[in-house]
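The values are calculated or read from the model by the stated rules, or taken from the named source; none is laboratory data. Here the structure is a predicted model, which means the values were calculated and not measured. With ideal geometry, Cβ positions are generated from the backbone for all residues, glycine too; neighbour counts draw on all protein chains shown. Just so you know, the surface numbers come from the protein's heavy atoms only, side chains and all, with ligands and any DNA or RNA stripped out. Shrake-Rupley method; radii C 1.70, N 1.55, O 1.52, S 1.80 Å.
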2 protein chains.
Amino acid sequence: MGDLDGNADRVLQYARRAAQGGARIVAFPEMTLTGYPIEDLAFRATFRKAAWDKANWLATELAADGMDDLYVVVGTVGTDRASDKPRNRLVVLHDGVVWAGYDKHFLPNYGVFDEFRIFASGDRSVVLDIDGARVGVAICEDIWQDGGPVAELAARGIDLLLTINGSPYEEGKTHVRLDLARRRAAEVHAPMAYVNQVGGQDDLVFDGGSFTVDADGTLLQRSPMFVEDLAFLDLDTDGASRKPGVVAPALDPDEEVYTACVLGLRDYMRKNGFTGVCLGLSGGIDSALVATMAADACGGGNVWGISMPSMYSSEGSRDDAADLARNIGAHYEVQPIEPLFVAFQNRMRLEGVAAENLQARIRGVIVMAYSNSKGVLALATGNKSELACGYSTIYGDAVGGFAPIKDLLKTRVWELARWRNAAVARGVGIGGIAVAGEDRPDAGTIPESGVAIPESSITKPPSAELRPGQKDSDSLPDYALLDRVLAAYIEHAHGRADLLADGFDPTTVDTVMRLVDRAEWKRRQYPLGPKVTALAFGRDRRLPVTNAFRE
Amino acid sequence: MGDLDGNADRVLQYARRAAQGGARIVAFPEMTLTGYPIEDLAFRATFRKAAWDKANWLATELAADGMDDLYVVVGTVGTDRASDKPRNRLVVLHDGVVWAGYDKHFLPNYGVFDEFRIFASGDRSVVLDIDGARVGVAICEDIWQDGGPVAELAARGIDLLLTINGSPYEEGKTHVRLDLARRRAAEVHAPMAYVNQVGGQDDLVFDGGSFTVDADGTLLQRSPMFVEDLAFLDLDTDGASRKPGVVAPALDPDEEVYTACVLGLRDYMRKNGFTGVCLGLSGGIDSALVATMAADACGGGNVWGISMPSMYSSEGSRDDAADLARNIGAHYEVQPIEPLFVAFQNRMRLEGVAAENLQARIRGVIVMAYSNSKGVLALATGNKSELACGYSTIYGDAVGGFAPIKDLLKTRVWELARWRNAAVARGVGIGGIAVAGEDRPDAGTIPESGVAIPESSITKPPSAELRPGQKDSDSLPDYALLDRVLAAYIEHAHGRADLLADGFDPTTVDTVMRLVDRAEWKRRQYPLGPKVTALAFGRDRRLPVTNAFRE
């Protein structure tokens, strides 16, 4: 994001490899040069000018490097001359100049997207003539809506539909994209190439997995997910495929989601200058999974796990935390909180929830002290069920710069933990999160113990351990039930009447709705974390904090 | 927000008073029944159904109460039958039924607004015939854009343009609205009535101040700002004014902004069930102003001020905090942090910024302990300059459920403190924030000392007092300069080249840009607070956290 120099250099490197491979045209994802989504940065005139200058520099550089004959398709930000509003633009670099600007027509303004806020709409379709082949172009949302540029291209007649995309990952979306591409390819009677961004950007993870389908729906080529990739495909000028490309195998759904979380964390760290992380290790499943993801993202040697037992922590929890740290090769430190708790209580004499929150907040202070003194990123370990119900202490266990599992329901946390352990048992590291051209980090190393996450962290009843014998089930419905209610209430915006019609009992429905509504103010102050479901907390779900509606 | 019952009852009460005053038509603000802005709550089908049922209930109730002949104009949420998308709707209740739906045409999708996200656009203008007078209606943004429904109404010919609005306060906007209304009244050759919402809703403050201008631009009537008001205006059926209405005097700019902050806080408390607040009192100007605002919002007896001196706190600071608390009638408690600091340092041995942050975080734990144990709202006391530069400790002085001065630059904080003291000296309380029909709270009481905020809190050089002799000016440019750079960089989106052209020196520009950009992650976790400027942090300014652009 915003790294014009770095992005242009990357284009140059890949263009060179493309040219060496005999390519006539090479395409990069939506807003290649600027990063995506650029949000209100689009309004900064100096940014738009710098992006324009960089595109020109790149065109010149390509030509100087002997690639003046290659057609290089990149995304960038443009400006509508009439309104001075930014535009989401595709340009072709060729012959040393920037030409053939196509501006995105349909501007997504739902879910996580705010493009109607920042961009003016493009109003014409563009067909490139490359060696006699007619290549129609479109940008992301243009293929998700009927009509518009794709319909125009179908009418004009093209030999290839080339789309550049910045399509954020969510579970199950891969199939949706493929089905959509097949529909559009049929519509234009030509193959369609879908080029997608890869990498984490704040709360979004772009999963790559670029692919090409033939007019009849055949999958001609597919890149692996979650890694940068340069794929070649050889088409005749009339769009007929000369020889099949490489089709990467599909990922297991658990591996997909796990890898998305790891990539989201890894790129947040890399792009914000962090080389390590710290987090509290309670012995519970949430912190165990986050620590394991962190080890996969940056190597266990860069993870500081801090055990902060209290008078209510069980011996088993401490052992589990220590075992986990050893399994993933993390640093492990113990900071008992009892002396600090006593020091506060000598002055404050708190009771009930206030005393419970005090324990969590002392831990928050310790985690942030590690973060500040070691210059590492503090990770919050809350899951989506907990975030939904406000079952966390703000400024306590909620502290951190990033929250890798905030979009995973508790039942999904367990599933991914089991998957991660099973992957180790099968003797494989996790799916490729290494960036092409870089060394693979020490991710996916196999611990001697044969598992990463201690079995007892997975199987024991969840507890915050803030008072003797406390269990999550004292305050919350059973997670299997809770997660189903949450999915209906949050992802499907089902109100009270709908939830009753879904078959949930009134007591559970009222409890869950009350908890979720009352926790909105806490969610607003929660760290960013990767969206992996159809509806994540954050900009994907914008509800007022002050809200009296209870149905 | 979402209080359909309460809002409908309020409409009923005012309609009764209107009818008793001989009104033929009474109008309420945009989305009267639902609250505004409803954000993604619009997507909940049960909410739309409940709003529809409530409008029908209200129509029946009005008729049963003998008001079937009155025309009652209210705003609510509707549904577009074709797309099933919500609509921002105006309905007229008359003769016991809901009729004459007009749907907002222009949907604002800039600044704090996301209406293109949630609503489908209306596509036809509506003229009501009331006793032979042709009343054209429009909703808020419809008058801010040229063309559309107002142009249609001008062509159709009307005797009155009636607009219902939910227009959030920002400094200087009153004049803009009045000028705009004059332009529209001239366009339709008829008087224009501008009915605005009043009250706080999360980060927005609606300032009321409803008014009517004649076709020639004469101000016929104006309600006071920041209070609910029922104003009568007597027009002939051809739109000619029979007799002038009451024109409330304009407010002083300082009083306007101060009152907006107080109302924002007061309504956040009232609507979220808080009767009191707690905050740290450092003796500095920020916490002093916030405490004074809090006393004006809920009465000094409901304010808990906590002095948390450290080894680096000056004697003067402690005296100022105590004086302030006494002046505003707040509870005052002292919790020295040194023993707690020592307890942490015995384990952690932190240095530099980590040790400074530790002090602030111990204070955060104490403030939240008060909040939890007394059930009061914790207030964050950061100002906009501090928030911009990240000159605060996350989870330390940044803790709280609401941040009353987060949109005030430091120089504005000083101005408002002086204004507040001068208002006391003149023997007046602050401008009316009491809600019509409620008792006035014990706001604006005059302390015996003759001032609320100790003079030395205003005049002394700002310091975080986290190390010996520390001053804000060690880390930041002088506030007079800093605030000008911030206004240019943040409100006007000036990039580096623009700021240099503005005449700022390169060192200052680079320092400020670096500080502002690096603090984005902290701002994301900062509490809500009232927007009072043209561009507040929060949904008004959406920038990526991960961002390498530095120009």
query = Check A:Glu30: other-chain or 5+ apart residues with amide H under 5 Å from its amide H, H built from backbone geometry?
reply = A:Asn165, A:Gly166, A:Gln197
key: Estimated dipole of segment B:255-471 in Debye, rounded to 20 [Cβ of Lys and Arg +1, of Asp and Glu -1, Cα centre]   = 420 debye
query = In what order, largest first, do B:Thr507, A:Thr292, A:Thr533 sit by accessible area if the probe radius is 1.4 Å?
reply = B:Thr507, A:Thr533, A:Thr292
ask   = Against the longest alpha carbon principal axis of chain B, how many degrees, from 0 to 90 and to the nearest 10, is the axis of helix B:410-425 turned?
value = 80 degrees
query = To the nearest 10 degrees, how steeply does helix A:253-271 sit against the main Cα axis of chain A, on a 0 to 90 scale?
reply = 90 degrees
ask   = When the dipole is taken about the Cα centre of chain A, and only Lys, Arg (+1) and Asp, Glu (-1) are charged at their Cβ, what size is it in debye, to the nearest 20?
value = 1140 debye
ask   = Which residues, if any, in segment A:327-354 have at least 50 Å² less accessible area in the whole protein complex than in the isolated chain, probe 1.4 Å?
value = A:Gln335, A:Leu340, A:Phe344, A:Arg347, A:Met348
request  = Multiply the residue separation of A:Lys471 and A:Arg242 by 0.36 nm, subtract the distance between their alpha-carbon atoms, and state the gained length in nm to one decimal.
outcome  = 76.2 nm
remark   = Here the Cα Rg-to-2.2 N^0.38 Å ratio for segment A:1-116 is 1.05
message = From the P(r) of segment A:292-347, could you give the percentage of C-alpha pairs in the tail past 18 Å?
response = 42 percent
ask   = Counting only protein chains, not ligands or nucleic acids, how are A:Trp99, B:Trp414, B:Trp52 ordered by accessible area (probe 1.4 Å), most first?
value = B:Trp52, A:Trp99, B:Trp414
task = One decimal, nm, shortest first: give the distances between the label point of A:Val342 and those of the same position in the other copies, each label point 7 Å from Cα along Cα→Cβ.
result = 1.5
query = Which FRET efficiency value, to the nearest 0.05, is calculated for A:Asp234 and A:Val334 with the Förster distance at 56 angstrom and r the Cβ-Cβ distance?
reply = 0.40
inquiry  = Give me Rg/Rg_expected for segment B:209-288, where Rg uses Cα atoms only and Rg_expected = 2.2 N^0.38 Å with N residues.
reply    = 1.63
key: Candidate lysines for bridging to A:Lys460, where Cα separation is under 29 Å - those fewer than 8 sequence places away on the same chain excluded   = A:Lys384, A:Lys406, A:Lys410, A:Lys471, A:Lys522, A:Lys531
Per principal axis, descending, Cα span of the protein assembly as shown in whole Å = 85, 74, 66
request  = Quick one: which residues, 5+ away or cross-chain, put their amide H under 5 Å from the amide H of B:Gly200? H built at 1.01 Å from N.
outcome  = B:Phe206, B:Asp267
ask   = Residues with amide H under 5 Å of A:Ile25's amide H, sequence separation 5 or more or different chain, H placed in the peptide plane at 1.01 Å from N; which?
value = A:Tyr71
message = Using a probe radius of 1.4 Å on heavy atoms only, what accessible surface per residue do you get for the protein assembly as shown? Whole Å² is fine.
response = 36 Å²
remark   = Taking the dipole of the protein assembly as shown about the Cα centre (Lys, Arg +1; Asp, Glu -1; charges at Cβ), the one of B:Ser125, A:Cys278, A:Gly21 that reaches farthest to the positive side is A:Cys278
key: Per-residue HN-Hα couplings for segment A:297-310 [Karplus 6.51, -1.76, 1.60; θ = phi - 60°; Hz; x = Gly/Pro]   = 7, 9, x, x, x, 9, 10, 9, x, 10, 8, 10, x, 10
task = May I ask you to derive the FRET efficiency for B:Gln13 and B:Tyr110 from their Cβ-Cβ distance with R0 = 45 Å, giving the value to the nearest 0.05?
result = 0.80
key: Solvent-accessible surface (1.4 angstrom probe) belonging to A:Leu387, in square angstrom, nearest 10   = 10 Å²
remark   = Restricting to lysines and to Cα separations under 30 Å from A:Lys54, and discarding same-chain partners fewer than 8 apart, the set is A:Lys85, A:Lys104, A:Lys271
key: Accessible surface of segment A:96-226, 1.4 Å probe, proportion on carbon and sulfur as whole %   = 54 percent
task = Compute the distance in nm between two label points, each set 7 Å from the Cα along the Cα-to-Cβ direction, one at B:Leu500 and one at B:Val353.
result = 2.7 nm
query = Given a 1.4 Å probe and every protein chain left where it sits, what share in percent of the accessible area of segment B:255-471 is carbon and sulfur?
reply = 50 percent
note = Correct semi-axes for segment A:4-233, from √(5λ) of the alpha-carbon gyration tensor and rounded to whole Å with the largest first, are 23, 22, 18
inquiry  = Using the Cα centre of the protein assembly as shown as the reference point, and only Cβ charges (+1 on K/R, -1 on D/E), how large is the resulting charge dipole? Debye, rounded to the nearest 20.
reply    = 1180 debye
ask   = If you take the alpha carbon radius of gyration of chain B and divide it by 2.2 N^0.38 Å, what ratio comes out, to two decimals?
value = 1.04
ask   = A plus B alone minus the pair: what accessible area, both sides summed, probe 1.4 Å, in Å² to 100?
value = 6300 Å²
inquiry  = Taking a ≥ b ≥ c as the square roots of the Cα gyration tensor eigenvalues, with a/c under 1.5 meaning rounded and otherwise prolate when a/b beats b/c, else oblate, which class fits segment A:260-355?
reply    = prolate
task = Give me the percent of the accessible area of segment B:486-551 that comes from carbon and sulfur atoms, probe 1.4 Å, all protein chains in place.
result = 53 percent
ask   = Given label points at 7 Å from Cα along Cα→Cβ, what nm distances, shortest first, separate A:Ser314 from the same residue in every other copy?
value = 5.4
ask   = What share of the DSSP beta bridges in chain B is antiparallel, in percent to the nearest 5?
value = 55 percent
inquiry  = Taking θ = phi - 60°, what integer Hz values does the Karplus form 6.51 cos²θ - 1.76 cosθ + 1.60 yield along segment A:22-32, in sequence order, with x for Gly and Pro?
reply    = x, 5, 9, 9, 10, 10, 10, x, 3, 6, 3
Label geometry 7 Å along the beta-carbon vector: A:Glu491 inter-copy distances in nm = 4.5
query = Rounded if a/c is under 1.5, else prolate if a/b beats b/c, else oblate: with a ≥ b ≥ c from the C-alpha gyration tensor eigenvalues square-rooted, which is segment A:255-471?
reply = prolate
